[in-house]
Amino acid sequence: MDILYLIIFFILGCFFGGFYTVLGERLATEDYHFFPYRCNHCKHALSFLDGIPIVSFLFLKKRCRYCHHIIDVMEPLMEFFTGILFAVAFYSFGFSYELLIALGIISLLIIVTVSDLNYLIIPDEVLIFFGFYFIVVQFFSVGIVNTCFHVLTGIFLFLLMYFIMWLGEKMLKKESLGGGDVKMMFLFGLVLDPLLGTIAIFLGSIFALPMSLFLLYKNQEKMIPFGPFLLIAFTFLYFTKITPEIIISWLSF
């Protein structure tokens with residue numbers, strides 16, 4: 001039965017991955033036409049068969065059925081990656097409130113990755129929606145007192161990231177972080193505690209380091225989309241179930 005559930009969650013993840021890819025693209029460009037799906041090139045509405053995750057991409061030989069424009073390979077990759085993460089989430093947490101949190105984190109990761117990598121934008125609509133989503137799930141999961149603690153943690157992480165942004169701008173004399181990265185830290189606090197939220201910033205910086213070094217090597221002064229790396233760190237910390245006690249024991253050792 002678990003295998004069946006894993007397959008179901010993988011398929012659901014693939015469909016949601018396709019929707020999240022469209023959502024991230026449309027919100028970043030302020031194009032609020034979500035349904036029906038349509039080709040980004042010719043704008044022709046796509047049928048249900050054209051939108052089947054991964055299968056349609058292969059069946060149509062990587063081209064739009066109507067204008068024959070090449071479909072970005074990132075679309076099926078994001079669908080597949082979301083499917084894998086949905087299945088891993090169910091395998092790790094089963095049917096629980098933790099699963100709802102995990103699915104929310106995955107959804108946030110995919111949407112922000114699409115919007116931030118392509119347009120250096122983290123849409124406010126996404127942050128507001130998932131802010132309410134995490135608060136509601138936490139309320140039913142851990143009660144109002146712990147939920148209030150997480151809200152305060154979110155405020156702390158927001159202020160910490162704002163300070164890092166301010167310090168970076170003073171030192172580099174240019175914009176160092178996007179406002180979306182700062183606001184997104186509030187969502188981290190709704191799930192993680194202060195120590196793990198702070199570690200997420202550190203890990204995200206480590207994950208972003210190879211791209212920073214590559215751009216430095218190429219002598220390109222480009223703004224790095226930091227949001228996806230922060231979310232990868234967020235996902236890693238939540239899925240590995242690392243606790244503050246484990247971190248403290250490592251440090252004390």
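The values are calculated or read from the model by the stated rules, or taken from the named source; none is laboratory data. Since this is a predicted model, take the numbers as computed values, not measurements. Please note: Cβ atoms are built from the backbone with ideal geometry, for glycine as well, and neighbour counts cover all protein chains shown. Please note that ligands, DNA and RNA were not included when accessible areas were found on the heavy atoms of the full protein model with its side chains. Shrake-Rupley method; radii C 1.70, N 1.55, O 1.52, S 1.80 Å.
Please enumerate, by chain and number, the aspartates and glutamates with C-alpha under 18 Å from the C-alpha of Lys170, excluding those fewer than 8 residues away in the same chain.
Asp181, Glu221
Would you please name the trypsin sites (Lys or Arg not before Pro) within the range 104-212 that are DSSP coil residues with at most 12 other C-beta atoms within 10 Å of their C-beta? Show your work: numbers first, answer last.
Numbers: sites: Lys170, Lys173, Lys174, Lys183; in loops: Lys173, Lys174.
Those satisfying the criteria are Lys173, Lys174.
Could you order peptides 94-101, 128-135, 153-160 by the average number of other Cβ atoms within 10 Å of their residues, highest first?
Those peptides, ordered most packed to least, come out 153-160, 128-135, 94-101.
Which aspartates and glutamates have a Cα less than 13 Å from the Cα of Lys183, not counting those fewer than 8 places away in the same chain?
Asp124, Glu125
Tell me the volume per residue, in Å³, of the convex hull enclosing the alpha carbons of the range 99-184.
So the per-residue hull volume is 82 Å³.
Work from the charge dipole of the range 79-196 (Cβ charges, +1 for Lys and Arg, -1 for Asp and Glu, about the Cα centre) and give the residue of Phe163, Thr153, Gly131 farthest towards its positive end.
Phe163
Using modelled backbone amide H atoms (1.01 Å from N, in-plane), which distant-in-sequence or interchain residues come within less than 5 Å of Arg63's amide H?
Residues meeting the criterion, in which the H sits 1.01 Å from N, are Ile71.
So, R0 is 30 Å and r is the distance between the beta-carbons of Ile246 and Cys148; what FRET efficiency does that work out to, to 0.05?
Computed FRET efficiency for Ile246 and Cys148: 0.75.
Just to verify a number: FRET efficiency for Phe59 and Ile7, C-beta to C-beta distance, R0 = 22 Å, to 0.05? If you can, show how the numbers build up before the last one.
Values: r = 20 Å, r/R0 = 0.93.
According to the calculation, E is roughly 0.60.
If you roll a 1.4 angstrom probe over the protein chains with everything in place, what fraction of the accessible area of the range 145-209 belongs to carbon and sulfur, to the nearest %?
78
Would you kindly derive the ³J(HN,Hα) couplings of the range 127-135 from the backbone phi angles with the Karplus curve 6.51 cos²θ - 1.76 cosθ + 1.60 (θ = phi - 60°), listing them in order in whole Hz, with x for Gly and Pro?
Once rounded to whole Hz, the list reads 5, 5, 4, 6, x, 5, 4, 5, 5.
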